[in-house]
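Please read the structure below before turning to the comments.
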Amino acid sequence: MSAVALSRRRWSPWLIVAGLGALVGWSYHGTRVDMGALLSVEGLRQIGVYVARLFPPDLSAGALRDAAIAAVETFAISLVGSVLAACIAFPLALGATRTILYHGVLYEGQRLGRAPKALRLGVYAASKTVLAVLRTVPEIVWALIFVFVVGLGPFPGVLALGVHTGGVLGKLFGEVLEDVDPRPLEALQSTGASRLRIVLYGILPQAIPQFVSYALYRWEVNIRAAAILGLVGAGGLGQRVYVAISLFLEHQLLTLILAIYVMVTLVDALSAWLRARVL
Amino acid sequence: MYELRDVRKVFDDGSVALDGMSLTVGAGEHVAFIGPSGAGKTTLFRILNLTLRPTSGMLRLNGTDVATLSGADLRRARTSIGTIYQQHNLVGRLRVVHNVLAGNLGRWSTLTALGSLLRPRATDEAARALAQVGIPEKLYARTDELSGGQQQRVAIARVLIQDPDVVLADEPVSSVDPTLAVSIVTLLRDISNESRKTLLMNLHSVELALTYFPRILGIREGRVHFDLSPDKVSPEMLEELYAGHGDERGELAALGEGTNSFGKACRPLPGFDR
């Protein structure tokens, strides 16, 4: 590891900074950023006009009830989606962990034969590939696909979050599994325990608190994502926001934005509180 | 019990840990291994508990060439060898009871093992083992909340549950204070005597080795430097064993002056009380 790091050629930090600068400049040009238009008198006036039109929020009983129902739906999408993600991530992560399949302290006492090793390398490669595909497709694209498959409503939202976040968590879980302290594993192995029992008694007890922590953190990310998914018809606050924008219902829009704010803040606080307790 | 002939271990990075080691240990023997750090003692113990394969040479356990063992046979052979490490060999997040009962993992089915994590079984057995090592009240404590010495006792309790024929202790007292070190070494010796187990111990401290063990193996540069009873070990031999290793020589100097860090627990040794 360190030998590899040392032999790798050292790039001058100035060269890296210059390269990144050029990349930013090229992207700035390519995206046609026009700060003049945004910050011109006309631009600022437009912003002012639109913001003024949002006020006051629609606090009628009907609008509030509608926002509350949508907020609860968004909450439920993010929660069920995150649980689904953890269920997808866990088995794939086990398959994406070299130290469980074929490498490291559990394989120093007995070499694997050629065929079993090839099979295990195959499992590893397949798990890594599936996880990569799940996570590189953004949740909004998954939502479009699932809306097409199962129709409008919160269900495609749940599936989209579960599949995308499953890929993200699977990668993180796999890294946690490979990083556990190997010394207890060596001790368990010396009692004659099989590898499956070593996973149960040595690897998972070290890894699960971090699994929970990562899953809770991704839940915070998912509550925001769940508010967006509605824009493509996958339920929750986003769907209401889309309708409010389309029908120029600015006062209701502000109510919905406030509902998103309250909900995200609550979930952030709840998740942070829970995470402090598992680690 | 053990028969090693010309065992070599070369790691992937090319470093030679064992360079042609040969030795025989009979059933029920107590042997201490001493020598400078980096001499290959820990590698030797990993080969002896069958979690590391020698590069070449032969290792027989009770007459069986271990190179022929694999899968379930290899795991069964491991159940007859209990190992205690310097530290960090317990799962800190599990309760003590699970770490102790892990001594059963070579015998239990996976389903039994999983069930015991949810609802510990054989708790009276675990409690008895903990009582034997002097911390019966820690059964349901979280392991990472115990002190270093208490954790070492939990590791010993796990070996008691495993009930092996051989106990390997790799620097079991390097991270505890001197009084505790003496009590852990004597505990391991007494337990091994009671049930006629073979006891092999790596020791950083020459005093403890010479006081508590009838056979001393000096290891240097991956080979057996000497293999003697403690009364035959002379200060000159120890000088030679530790030549070029500064920190351990200070300890030897103190030994030569008749003092040691363990006080009365280690008697003055013949040849050292000049």
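For the structure I just gave you, tell me whether B:V182 is within 14 Å of another protein chain (Cβ to nearest Cβ) and not in a loop (DSSP other than H, G, I, E, B).
Working: within 14 Å of another protein chain (Cβ to nearest Cβ): no; not in a loop (DSSP other than H, G, I, E, B): yes.
Criteria not met by B:V182.
For the criterion of being under 17 Å from A:R111 (Cβ atoms), under 15 Å from the mean Cα position of the chain (by Cα) and not in a strand (DSSP E or B), B:L44 fails.
Each row is one residue, and each column tells you yes or no for (1) within 30 Å of the chain's Cα centre (by Cα); (2) within 26 Å of A:S78 (Cβ to Cβ).
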site: A:P182; (1), (2): yes, no
site: A:T191; (1), (2): no, no
site: A:V199; (1), (2): yes, no
site: A:I203; (1), (2): yes, no
site: A:P209; (1), (2): yes, yes
site: A:L216; (1), (2): yes, yes
site: A:V221; (1), (2): yes, yes
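Residue-wise test of (1) at pLDDT 90 or above; (2) part of a helix (DSSP H, G or I); (3) not hydroxyl-bearing (S, T, Y).
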| site | (1), (2), (3) |
| --- | --- |
| A:L200 | yes, yes, yes |
| A:L204 | yes, yes, yes |
| A:I208 | yes, yes, yes |
| A:V212 | yes, yes, yes |
| A:A227 | no, yes, yes |
| A:Y242 | no, yes, no |
| A:A276 | no, yes, yes |
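Let's see how each residue does on (1) among the polar types (S, T, N, Q); (2) without any contact (Cβ under 8 Å) to a residue 12 or more places away in the chain; (3) within 30 Å of B:A155 (Cβ to Cβ):
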site: A:F148; (1), (2), (3): no, yes, no
site: A:P154; (1), (2), (3): no, no, no
site: A:G157; (1), (2), (3): no, no, no
site: A:G162; (1), (2), (3): no, no, no
site: A:G166; (1), (2), (3): no, no, no
site: A:G170; (1), (2), (3): no, no, no
site: A:V176; (1), (2), (3): no, no, yes
site: A:P184; (1), (2), (3): no, no, yes
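Scanning the stretch B:203-221 for residues that are part of a loop (DSSP other than H, G, I, E, B) and either surrounded by fewer than 23 Cβ atoms within 10 Å (Cβ to Cβ) or at pLDDT below 90 (or both) yields a count of 4. Considering the conditions (1) more than 19 Å from A:A132 (Cβ to Cβ); (2) within 14 Å of chain B (Cβ to nearest Cβ); (3) β-branched (V, I, T), A:V158 is excluded by exactly one of them, (2). Is it true that some residue in the stretch B:22-36 is within 30 Å of A:L204 (Cα to Cα) and under 17 Å from the mean Cα position of the chain (by Cα)? No: the stretch B:22-36 contains no residue that is within 30 Å of A:L204 (Cα to Cα) and under 17 Å from the mean Cα position of the chain (by Cα).
Examine the stretch B:126-148 for a residue that is surrounded by 20 or more Cβ atoms within 10 Å (Cβ to Cβ), within 14 Å of the chain's Cα centre (by Cα) and not hydroxyl-bearing (S, T, Y), and state whether such a residue exists. Scanning the stretch B:126-148 turns up no residue that is surrounded by 20 or more Cβ atoms within 10 Å (Cβ to Cβ), within 14 Å of the chain's Cα centre (by Cα) and not hydroxyl-bearing (S, T, Y).
Please specify each residue of the stretch A:169-185 satisfying the condition of being assigned to a helix (DSSP H, G or I) and either more than 13 Å from every other protein chain (Cβ to nearest Cβ) or surrounded by fewer than 24 Cβ atoms within 10 Å (Cβ to Cβ) (or both). Before the answer, list the steps.
The initial filter retains those residues of the stretch A:169-185 that are assigned to a helix (DSSP H, G or I), namely A:169-178, A:182-185.
Selection gives A:L169, A:G170, A:K171, A:L172, A:F173, A:G174, A:E175, A:V176, A:L177, A:E178, A:P182, A:R183.
Answer yes if at least one residue in the stretch A:253-265 is small (G, A, S), part of a helix (DSSP H, G or I) and at pLDDT 90 or above, and no otherwise. Yes; the residues of the stretch A:253-265 include at least one that is small (G, A, S), part of a helix (DSSP H, G or I) and at pLDDT 90 or above. If you go through the stretch B:81-98 and keep only what is within 8 Å of chain A (Cβ to nearest Cβ), more than 23 Å from B:R121 (Cβ to Cβ) and aliphatic (A, V, I, L, M), you end up with just B:I81.
Going through the stretch B:187-246 one residue at a time, which ones are of a type in the set (D, E, K, R) and under 21 Å from B:L18 (Cβ atoms)? Spell out how you get there, then give the answer.
First pass over the stretch B:187-246, keeping only residues of a type in the set (D, E, K, R): B:189-190, B:194, B:196-197, B:207, B:215, B:220-221, B:223, B:227, B:231-232, B:236, B:239-240.
Those that are of a type in the set (D, E, K, R) and under 21 Å from B:L18 (Cβ atoms): B:R215, B:R220, B:E221, B:R223, B:D227, B:E240.
With (1) within 13 Å of B:R223 (Cα to Cα); (2) surrounded by fewer than 23 Cβ atoms within 10 Å (Cβ to Cβ); (3) not β-branched (V, I, T) as the list, and B:E29 as the residue in question, which single condition is left unmet? All conditions pass for B:E29, except number (1).
When the stretch B:135-166 is filtered for residues that are farther than 23 Å from B:I81 by Cα and in a loop (DSSP other than H, G, I, E, B), the ones remaining, listed by number, are B:I135, B:L139, B:Y140, B:A141, B:L146, B:S147.
Does the stretch A:107-116 contain at least one residue that is under 27 Å from A:V267 (Cα atoms) and either of a type in the set (S, T, N, Q) or free of Cβ contacts under 8 Å to residues at least 40 places away in the same chain (or both)? Checked against the condition, which is being under 27 Å from A:V267 (Cα atoms) and either of a type in the set (S, T, N, Q) or free of Cβ contacts under 8 Å to residues at least 40 places away in the same chain (or both), the stretch A:107-116 yields no hits at all. If I filter the stretch B:62-80 for residues that are among the polar types (S, T, N, Q), more than 8 Å from chain A (Cβ to nearest Cβ), in a helix (DSSP H, G or I) and at negative phi, do I get at least one hit? Yes - at least one qualifying residue is present in the stretch B:62-80. Mind listing whichever residues of the stretch A:130-139 are in contact with a helix residue (DSSP H, G or I) (Cβ under 6 Å, 6 or more places away or on another chain) and either in contact (Cβ under 8 Å) with a residue 60 or more places away in the chain or outside any helix (DSSP H, G or I) (or both)? Residue satisfying the conditions is A:E139 alone.
Cβ-Cβ distances below 8 Å connect the following pairs, each with a first residue in the stretch A:193-216 that is on the phi < 0 side of the Ramachandran plot and facing chain B (nearest Cβ under 10 Å), a second residue that is of a type in the set (K, R) and surrounded by fewer than 20 Cβ atoms within 10 Å (Cβ to Cβ), and a separation of six or more residues or different chains: A:P205/B:R93; A:Q206/B:R93; A:P209/B:R93.
The values are calculated or read from the model by the stated rules, or taken from the named source; none is laboratory data. Small disclaimer: the values here were computed from a predicted structure and weren't measured. Cβ sites come from the backbone with ideal geometry, for glycine too, and all protein chains shown count toward neighbours.
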